[in-house]
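To start, the structure under review is shown below, and the notes come after it.
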Amino acid sequence: MQEFFNNSGLFFALLGAAIATLMAGIGSAIGVGKAGVAAAGVLAEEPSLFGKVLIFQLLPATQGIYGLLVGFLILSNVGLIGEPKDISVLQGMLYFASALPIAFAGLWSAVYQSKCAVAGISTVAKKPDQMGKAIILPAMVETYAILALLISILAIFGIAAM
Amino acid sequence: MQQEYTYAVARIRYRENKLLNDADLNTLLSAKNADAVIRQLRDKGWGDNTGTDDPDSLLRREREKVWEFIDEIVPDKSVFDFLLIPNDFHNLKVAIKSITRDMKPDDMLLHNATIDPMTIYDAVSKREYDSLPDFLAETAKQAMSVLLQTSDGQLCDIIIDKACMEYVEKLGKASSEEIIRLYCELFVASADIKIAIRSAHTKKRLDFIQRSLAACETLDVDRLASAASLSYEDVLKYLETTRYSSAIPAIRVSMSAFEKWCDDTITEAMKPQKWEPFTIGPVVAYLIARENEIKAVRMILSAKINGLSDDVIKERLRMMYV
């Protein structure tokens, strides 16, 4: 029991890395899938729009990458990648907390960005010349994933410097 | 969880570009003759490669193409029952009348329905009503026995039409899609209004009118029937108190002007579907828009064939979805 308690800092840190990767990844998978369905619909009618609709499909994929980045940073800071380190319970819990912004904002921003991307794909299907404007709208949703990523990264570096 | 139609809507969005708009209709109207209209339509992808220049075949093929496309993009066609069920009731009418008159029904049957028309024909001819779906079985039995007992074709029509309206109304109420609810309500209300107007003109008795009208949410059918039993002006006076007051100027012009008002009202109501990316609404709107388009082209072709002036047709052309 005492051994488990001593090592639970590492457990919480790993849980944080897992939740960041998992939730942001789920959001991206849902988002890319949803946008892909709409993209396939447009391609069935007009294959020449492949390049344009592919960009829309990839927009919700970034949250998964952000989750992966945060997960990787946590793993390397707690010594699960590279040199082993002693992590206290408090540090482990702080790493866990640092993963939460990208985990939740990543999941929901990817889902909602995909809705916006589907609408953008519809716009491009109808008016291919409006690609520039149509892509800005789902890209706006990305802002909130980036803000969450920023906080998660700042928190991880802050904990490492403690 | 509500089903999403993302794939179907994406394909519809592309196809919306190919719908005829008001300018296209004006171009068709300005064509020299029906052949020139057909040539222009072929350039826009209408018809198929058979090269037939028969207007009826062209329009029939176009309608078939619409439903082939819908079959491709929507796996469960039952969401469109509200559009197809009236064709089943039409086929029932044709089956009953052709059986009692010993005629062949082939040309009059509509194949775009929820049940194979020959299934209805066989069931009615063998009096095996149980082999029909519930929504048709009782109506078929009742209409057939009325026609055999009274030889009153009008009464038979009333029974079938009313059953059709009641079923469409039920489908509308059961739908979670606003555009379907609106379409079904307007389908029943406009049929009721047309019956009331015709009954007022032909001075039908109150019990006949009451038997013909189907209940709907936006009309008080008892008041409408009473008004129709009095006079045409009383019908309009009653309509002034309903949400159909804006249809009165069209009703005063003619029944076809009123039909145009109904089609335009639906077209106007479905315009927001152009921005809806996930629901069945845009698919329904596309189907109705295509139907209106085919109706408009049929009018233009008949005008060209019969030498009617462009102005007469322009007045009757429906508002286009795009």
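Across region A:117-133, which residue is farthest from the other protein chains (Cβ to nearest Cβ) among those that are surrounded by fewer than 24 Cβ atoms within 10 Å (Cβ to Cβ) and in contact with a helix residue (DSSP H, G or I) (Cβ under 7 Å, 6 or more places away or on another chain)?
Taking the candidates together, the pick is A:131.
Select from region B:11-69 the residues that are touching a helix residue (DSSP H, G or I) at 6+ places or on another chain (Cβ under 7 Å), closer than 24 Å to residue B:314 by Cβ and aliphatic (A, V, I, L, M) and list them in ascending order.
Within region B:11-69, B:19, B:20, B:25, B:28, B:29, B:31, B:34, B:37, B:38, B:41, B:58, B:59 meet the criteria.
Would you point out the residue of region B:251-287, among those that are within 14 Å of chain A (Cβ to nearest Cβ) and either over 24 Å from residue A:117 (Cβ atoms) or of a type in the set (Ser, Thr, Tyr) (or both), that is surrounded by the most Cβ atoms within 10 Å (Cβ to Cβ)?
Among residues in region B:251-287 that are within 14 Å of chain A (Cβ to nearest Cβ) and either over 24 Å from residue A:117 (Cβ atoms) or of a type in the set (Ser, Thr, Tyr) (or both), the one surrounded by the most Cβ atoms within 10 Å (Cβ to Cβ) is B:286.
In region A:101-110, is there at least one residue being under 20 Å from residue B:276 (Cα atoms), within 14 Å of chain B (Cβ to nearest Cβ) and part of a helix (DSSP H, G or I)?
no
Name the helices (runs of 4 or more DSSP H) wholly inside region B:214-271 in which the number of residues that are within 20 Å of residue B:201 (Cα to Cα) and small (Gly, Ala, Ser) is 1 or more.
Where helices (runs of 4 or more DSSP H) fall fully within region B:214-271 and carry at least 1 residues being within 20 Å of residue B:201 (Cα to Cα) and small (Gly, Ala, Ser), they are B:221-230, B:248-253, B:255-270.
Being modelled with pLDDT of 95 or more and in the same structural domain as residue B:189 (by TED's automatic domain parsing) is true for just one of B:227, B:215. Which residue is that?
B:227
Among the listed residues A:160, A:117, which satisfies the condition of being in contact (Cβ under 8 Å) with a residue 40 or more places away in the chain, closer than 27 Å to residue A:36 by Cα and either outside any loop (DSSP other than H, G, I, E, B) or acidic (Asp, Glu) (or both)?
Details: A:160 fails: closer than 27 Å to residue A:36 by Cα.
Matching residue, one of A:160, A:117: A:117.
Residues of region B:243-269 being more than 17 Å from the chain's Cα centre (by Cα) and under 26 Å from residue B:160 (Cβ atoms), which ones?
Once the filter is applied, which keeps residues that are more than 17 Å from the chain's Cα centre (by Cα) and under 26 Å from residue B:160 (Cβ atoms), region B:243-269 yields B:244, B:247, B:251, B:254.
For (1) surrounded by 17 or more Cβ atoms within 10 Å (Cβ to Cβ); (2) within 14 Å of another protein chain (Cβ to nearest Cβ), each residue gets a yes or a no:
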residue	(1), (2)
A:9	yes, no
A:14	yes, no
A:25	yes, no
A:34	yes, yes
A:40	no, yes
A:53	yes, yes
A:58	no, no
A:68	yes, no
A:77	yes, no
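If a residue counts only when it is within 14 Å of chain A (Cβ to nearest Cβ), which helices (runs of 4 or more DSSP H) contained entirely in region B:1-114 have at least 1 such residues?
By residue number, B:6-16, B:55-73.
The values are calculated or read from the model by the stated rules, or taken from the named source; none is laboratory data. From a predicted model like this one, the values you see are computed outputs, not experimental measurements. Counting neighbours? That spans all protein chains shown, and the Cβs are built from the backbone with ideal geometry, glycine included.
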